[in-house]
Amino acid sequence: MTFLITAGPTREAIDPVRYLTNRSSGKMGYAIADVAASKGYRVILISGPIDSGVDVPDGVDYVPVESAGEMYAAVERWIGSADVAIFAAAVADYRPVECMEQKLKKEGEEMDLRLVRNRDILGSARDVFLFNGVLVGFAAETENVLENARGKLLKKGCDMVVANDVSRSDIGFDSDENEVVLVFREGEEIVEKASKKSIARSVVSAAMSLEGEM
Ligand code: PMT
């Protein structure tokens, strides 16, 4: 049994020294990788740059990437080996239209930064990568959490979406705990606030049950 897991943020370069990113620490995705590896499964962990000090779990195949484009290519390369794919990464939806070769100089009081949409990696799993294993997405929401998560489940062909409310500072991005709702094609399961390791156990266990049903 092989798990492919994406984790962490991506960095979208503006110039040689600047980039766009977000507050993902990698803790949620790394905890899932750790739980799956400790159960003896093969784990391919594709991770954006982490500076939260969280360690790469023992025994995983670690694929470091920087940008959403690199994460897309790594998932495309490895997803064919996976039985279960869990997308916990906070992938940038947009990147600068171009990365300047030289450091940008300041000019004037305002500047415009033009962005272009990144490809949706999770959204490519079924249609582009032709993945037919258990597909698990996350939904990072600040409002209408369940409704938006169910929309993502249907639109991206997921078997399960892990919904978290990222408007709260005590859970979600860069915290040690999370509180999630596991959204299935039929039904939902609330997982009360707990350490990310404990939430990861619930996610892996639900994914394994779905795998058993396939
Ligand atoms: O890393 P931590 O600090 O521990 O924080 C954990 C977390 C809050 C990042 C995590 O729990 C979480 O919610 N991850 C998903 C973040 C996100 O970008 O969600 P989204 O609702 O914008 O995206 C929906 C899904 O599509 C996600 O599975 C995401 O990985 C995926 N996606 C999004 C855009 C894109 N271009 N490609 C993708 O694969």
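Scanning the stretch 1-44 for residues that are over 25 Å from Lys193 (Cβ atoms), within 16 Å of the ligand (Cβ to nearest atom) and open to solvent by less than 10 Å² (accessible area, probe 1.4 Å) yields Leu4, Thr10, Glu12, Ile44.
In this structure, is Phe129 crowded, with 16+ Cβ neighbours inside 10 Å and part of a loop (DSSP other than H, G, I, E, B)? Against the criterion (crowded, with 16+ Cβ neighbours inside 10 Å and part of a loop (DSSP other than H, G, I, E, B)), Phe129 qualifies. Summed over the stretch 107-126, residues that are open to solvent by 100 Å² or more (accessible area, probe 1.4 Å), in a loop (DSSP other than H, G, I, E, B) and either over 22 Å from Ser67 (Cα atoms) or in contact with a Lys or Arg (Cβ under 9 Å, 6 or more places away or on another chain) (or both) total 4. Could you tell me whether any residue of the stretch 68-75 is open to solvent by 70 Å² or more (accessible area, probe 1.4 Å) and within 15 Å of the ligand (Cβ to nearest atom)? Yes; the residues of the stretch 68-75 include at least one that is open to solvent by 70 Å² or more (accessible area, probe 1.4 Å) and within 15 Å of the ligand (Cβ to nearest atom). Using the structure shown, decide if Ser169 is out of contact with any helix residue (DSSP H, G or I) (no Cβ under 7 Å at 6 or more places or on another chain), free of Cβ contacts under 8 Å to residues at least 40 places away in the same chain, within 12 Å of the ligand (Cβ to nearest atom) and small (Gly, Ala, Ser). Taking the combined requirement at face value, the residue satisfies it. Any residue that is within 13 Å of the ligand (Cβ to nearest atom) and either at pLDDT below 95 or open to solvent by 20 Å² or more (accessible area, probe 1.4 Å) (or both) - is there at least one of those in the stretch 95-106? Checked the stretch 95-106: at least one residue is within 13 Å of the ligand (Cβ to nearest atom) and either at pLDDT below 95 or open to solvent by 20 Å² or more (accessible area, probe 1.4 Å) (or both). Checked against (1) closer than 27 Å to Gly212 by Cβ; (2) surrounded by 18 or more Cβ atoms within 10 Å (Cβ to Cβ); (3) within 12 Å of the ligand (Cβ to nearest atom), Gly48 meets all criteria but (1). Right, Tyr72: without any contact (Cβ under 8 Å) to a residue 60 or more places away in the chain and in contact with a strand residue (DSSP E or B) (Cβ under 9 Å, 6 or more places away or on another chain) or not? Considered against the rule, which asks whether it is without any contact (Cβ under 8 Å) to a residue 60 or more places away in the chain and in contact with a strand residue (DSSP E or B) (Cβ under 9 Å, 6 or more places away or on another chain), Tyr72 comes out as no. If you go through the stretch 158-190 and keep only what is β-branched (Val, Ile, Thr) and over 28 Å from Thr21 (Cα atoms), you end up with just Ile190. The set of residues in the stretch 1-30 being of a type in the set (Ser, Thr, Tyr) and closer than 18 Å to Ser205 by Cα consists of Thr2, Thr6, Tyr30. Taken over the stretch 164-194, the criterion of being among the acidic types (Asp, Glu) and either part of a loop (DSSP other than H, G, I, E, B) or open to solvent by less than 20 Å² (accessible area, probe 1.4 Å) (or both) is satisfied by Asp170, Asp174, Asp176, Glu186. Taking the stretch 135-163, which residues are open to solvent by less than 50 Å² (accessible area, probe 1.4 Å) and not aliphatic (A, V, I, L, M)? Hits for the stretch 135-163 are Gly137, Phe138, Glu141, Gly151, Lys156, Gly157, Cys158, Asp159.
The values are calculated or read from the model by the stated rules, or taken from the named source; none is laboratory data. None of these values were measured; they are calculated from a predicted model. Counting neighbours? That spans all protein chains shown, and the Cβs are built from the backbone with ideal geometry, glycine included. SASA here: full protein model, heavy atoms, side chains in, ligands and nucleic acids out. Shrake-Rupley method; radii C 1.70, N 1.55, O 1.52, S 1.80 Å.
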